1. Only one residue in Gly23, Gly45 is in a helix (DSSP H, G or I) and not polar (S, T, N, Q). Which one?
2. Can Thr74 be described as exposed (fewer than 15 other Cβ atoms within 10 Å of the Cβ) and not aliphatic (A, V, I, L, M)?
3. For the structure I just gave you, tell me whether Ser64 is closer than 30 Å to Ser83 by Cα and of a type in the set (Ser, Thr, Tyr).
4. Determine which member of the set Glu33, Glu67, Glu44 is without any contact (Cβ under 8 Å) to a residue 60 or more places away in the chain and surrounded by 11 or more Cβ atoms within 10 Å (Cβ to Cβ).
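Every read-out reported here was derived from the displayed coordinates using simple, explicitly stated rules and does not represent laboratory data. Everything numeric in this text was worked out from a predicted model, so none of it was measured. Cβ atoms come from the backbone with ideal geometry, glycine included; neighbour counts cover every protein chain shown.
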Amino acid sequence: MASIEEVRAGISLATQKAEESLGALQQAQSHLEEAQGSLTRVTEGSGQSDAQEANAQLQQAVSSISEVQQLVRTAVSTAEGISQRL
C-alpha cells in the first residue's frame with residue numbers, strides 16, 4: 001500500500017498534468033473561435049445551409065471545450081481536497 005506522501009505526490013502529478021491540459025484546451029478553443037469567425041465572414045450572406053451548419057458545429061465545439069475546461073477545474077479542486085485531507 002502506498003504511503004500518504006506517495007499518494008499526495010501522485011495527486012500532485014495528476015493535478016499538474018490536468019492543469020497543463022487547460023492551456024492546450026484554451027489554445028484549441030481560441031483556434032476554433034478564429035475558424036468560426038473566418039467561416040462566418042467568408043460565408044456571410046450565403047444561402048448555403050451547409051455553411052450555417054458548419055458554423056453551428058464550430059460553436060458547439062467551442063462550447064464543449066468550455067464544458068471540458070470546467071470539468072477539469074472541478075476535478076483538480078476535488079483532487080486537491082483529497083490531498084489536503086490526507
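1. Gly23
2. The answer is yes for Thr74.
3. yes
4. Going through Glu33, Glu67, Glu44 in turn, the sole match is Glu33.
Quick grid of which residues meet (1) surrounded by fewer than 15 Cβ atoms within 10 Å (Cβ to Cβ); (2) within 30 Å of Arg85 (Cα to Cα):
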{"residue": "Ile4", "(1), (2)": "yes, yes"}
{"residue": "Val7", "(1), (2)": "yes, yes"}
{"residue": "Thr15", "(1), (2)": "no, yes"}
{"residue": "Leu22", "(1), (2)": "yes, yes"}
{"residue": "Leu39", "(1), (2)": "no, no"}
{"residue": "Gln48", "(1), (2)": "yes, no"}
{"residue": "Ala56", "(1), (2)": "yes, no"}
